[in-house]
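Report on the following structure.
The values are calculated or read from the model by the stated rules, or taken from the named source; none is laboratory data. In this text the structure is predicted, and so the values were computed from the model without any measurement. In this analysis, Cβ positions are derived from the backbone assuming ideal geometry, glycine residues included, and neighbour counts consider all displayed protein chains. Only protein heavy atoms, including side chains, enter the accessible area calculation; ligands, DNA and RNA are left aside. Shrake-Rupley method; radii C 1.70, N 1.55, O 1.52, S 1.80 Å.
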Amino acid sequence: MDLFDHFMKWVVICWLIVPFVDGFYLPGSFPHNYNVGDQLAVKVNSLTSIDTEIPYQYYSLPFCKPLEGVKDSAENLGELLMGDRIESSPYRFQMYTNATEIFLCKTGPLSADQFKMLKERIDEMYQVNMNLDNLPAIRYMKKDNFVLRWTGYPVGIKIQDTYYMFNHLKFKVLVHKYEQTRVAGVIGTGDGAELITTNEKGGEGQPRGYMVVGFEVIPCSFQHDFKLADKLSMYNKYPAPIKCDPNTVSMPIKEGQPVAFSYEVEFEESDIKWPSRWDAYLKMEGAKVHWFSILNSLMVITFLAGIVLVIFLRTIRRDLARYEELDKEAQAQMNEELSGWKLVVGDVFRAPDNAEFLCVMVADGFRILGMAVATIFFAALGFMSPASRGALVTGMLMFYMFLGIIAGYVAVWLSRTISCDSCGWFSVSWRVACFFPGVAFLILTSLNSLLWGSHSTGAIPITTFLVLLLLWFCISVPLTLLGGLLGTRATRLEYPVRTNQIPREIPAQRFPSWALVLGAGTLPFGTLFIELFFIMSSIWLGRVYYVFGFLFVVVILLVVVCAEVSLVLTYMNLCVEDWRWWWKSFFASGSVALYIFLYSINYLIFDLKSLSGPISATLYLGYSLFMVIAIMLATGAIGFLTSFLFVHRLFSSVKID
């Protein structure tokens with residue numbers, strides 16, 4: 001009763017305050033109000049490159065460091081797994097205060113190792129990533145009447161065997177006057193209505209500050225006078241004018257010579273409002289392509305749905321109707337003349353080989369599918385926007401762990417239904433808890449050893465590895481075992497027919513059945529290959545993927561296609577008297593992973609031509625392998641469950657003693 005009272009109280013509170021507010025902010029998305037003169041601190045992230053896909057720490061290069069020392073920002077688990085390392089930088093501004101020719105520092109003479117490293121980073125086109133008020137620095141570049149957008153700026157450029165470094169940065173900060181809208185906020189953890197407040201717009205006596213709505217950077221190469229630089233301290237004004245021209249370079253780097261750094265900042269008031277400040281990064285391009293992807297999926301579904309209707313309405317129902325119209329003697333005589341799927345009635349529910357392993361794979365597949373659907377759904381609602389770095393990966397991990405209870409339940413229920421006598425509930429649950437996480441741990445450990453050897457920030461720290469192990473064995477495993485225990489209390493699905501003691505001989509097939517199984521994956525692949533291109537570009541080319549609404553629709557359509565493909569192929573196998581449908585139904589839809597992996601290789605060859613080095617290629621293929629294993633389990637689970645329910649329903653209609 002207390003729980004109901006709390007619920008009704010919150011309903012009444014929400015009903016009372018909704019007419020008086022303009023909107024709600026999601027957690028972590030409330031704008032920051034800066035008054036004129038407040039200090040703004042620029043933070044730096046890892047150096048990244050689409051040529052190597054190996055991130056490195058910003059201060060691995062001879063850049064200026066803050067006077068108070070480098071401080072790490074708090075990073076969530078998703079950021080650490082993605083290789084983000086947010087650190088403080090010496091670049092500082094004062095809100096709405098323009099400044100020019102600000103001197104930062106002059107490094108010592110470049111050593112041979114530093115000079116070599118700088119040349120390598122320039123050759124590999126590494127980008128410096130910065131952010132201000134959680135907005136990444138964006139760079140605009142005009143080329144052939146097109147405006148190109150980039151996040152970050154290059155370390156330097158090579159022209160005719162000479163390396164130049166971008167050592168002067170021109171920042172432009174777009175600001176918008178702070179508008180304190182009427183937004184509902186909870187300022188306590190109690191249950192009283194007095195804790196719900198609304199902030200009235202334009203309250204008198206309150207300072208009207210500014211919000212950061214844009215952050216642009218123009219990198220320049222400028223030759224400083226080192227004699228003048230020797231007399232300056234950090235944040236002093238450089239005594240000579242600095243002309244920032246992005247089309248010319250004048251600061252070559254040489255071994256044994258220092259490098260001086262400086263910057264300038266300009267503030268500009270913008271009409272962009274705070275909720276729209278990410279539009280510059282998320283400008284939607286190719287919307288028609290996404291709609292074409294959905295239309296293509298619908299055509300595939302319609303085609304397969306037609307085949308399914310033919311199977312059900314014309315073939316199966318006609319056979320069953322004819323069979324039921326006969327008397328018992330005629331049925332007995334007809335049993336001797338049966339052909340097709342009706343002949344395998346005594347073998348269709350014979351337990352498959354490696355039944356326990358099949359149960360484990362199906363259960364883990366459902367967990368991965370549930371994780372994907374839940375993550376994409378909440379991302380489509382805006383809870384995992386690009387503004388919240390690492391939220392997507394963190395959310396996936398949390399959903400995967402807590403869905404362990406579903407995986408354990410499905411695995412034990414399925415093993416008891418298949419009558420796997422040697423499959424104890426604890427054994428099955430334990431294998432589910434360790435199978436896919438173990439595969440993931442093996443792949444990530446192998447790839448991480450390569451990153452450790454390269455001294456990359458993409459390497460997962462030892463402490464993060466320990467956190468992942470604790471999450472695995474302290475949360476995921478117990479929840480999976482709990483689900484398995486609950487599965488022992490579930491009612492098993494009884495087979496409608498008895499299984500013969502002696503297996504029926506399978507006649508010779510005209511076409512290899514496994515060839516049809518592998519070919520069936522082309523239809524699910526045709527459903528998602530267009531959206532797959534955008535996802536791959538987001539992961540490997542540094543583009544922001546945010547059209548999760550489209551992706552959610554595509555995933556739902558993929559589930560439907562996988563179910564239809566597996567059902568049709570299972571029926572075809574039964575019609576040729578092949579009762580070994582269990583594993584084939586799983587791989588009929590799961591074989592889409594094979595085509596995704598082949599597409600990944602094609603993407604590596606033709607779209608990532610600049611990817612250099614065997615380590616980068618190994619990392620790419622390793623992560624691709626991890627992705628396709630997860631997809632195989634998820635799509636295979638869909639196909640297996642659909643075929644299992646179809647076969648059960650089909651033979652429940654057959655009256656054969």
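Below is a table of values for the structure above.
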| item | result |
| --- | --- |
| Solvent-accessible surface (1.4 angstrom probe) belonging to residue 161, in square angstrom, nearest 10 | 130 Å² |
| For residue 267, residues with placed amide H under 5 Å, excluding near neighbours | 98, 173 |
| Chain lengthening between residue 544 and residue 39 when straightened (0.36 nm per residue, less Cα-Cα) | 178.9 nm |
| Distance violations [Cα-Cα > 29 Å] among 158/243; 273/609; 170/609; 65/609 | 273/609; 170/609; 65/609 |
| Other-chain or far-sequence residues with amide H under 5 Å of residue 152's (modelled H) | 130, 137, 138, 139 |
| Integer Hz, Karplus 6.51/-1.76/1.60 couplings in order for segment 81-87, x for Gly and Pro | 5, 8, x, 6, 9, 7, 9 |
| FRET efficiency, residue 146 to residue 440 (Cβ-Cβ, R0 60 Å, nearest 0.05) | 0.90 |
| Dipole of segment 397-505, positive end: most advanced residue of 462, 442, 499 [Cβ charges, Cα centre] | 499 |
| Relative contact order %, segment 38-115, counting alpha carbon pairs below 8 Å whose residues are six or more apart | 40 percent |
| Residues with amide H under 5 Å from that of residue 94, placed H, sequence gap 5 or more | 40 |
| Separation between Cα centres of segment 612-654 and segment 344-399, rounded to whole Å | 10 Å |
| Prolate/oblate/rounded call for segment 76-155, Cα gyration tensor, a/c under 1.5 rounded | rounded |
| Vicinal HN-Hα couplings computed from phi for segment 106-115 (Karplus, 6.51 cos²θ - 1.76 cosθ + 1.60; Hz; Gly/Pro x) | 10, 6, x, x, 5, 6, 4, 5, 5, 5 |
| Estimated FRET transfer efficiency (residue 645, residue 504; beta-carbon r; R0 22 Å; 0.05) | 0.45 |
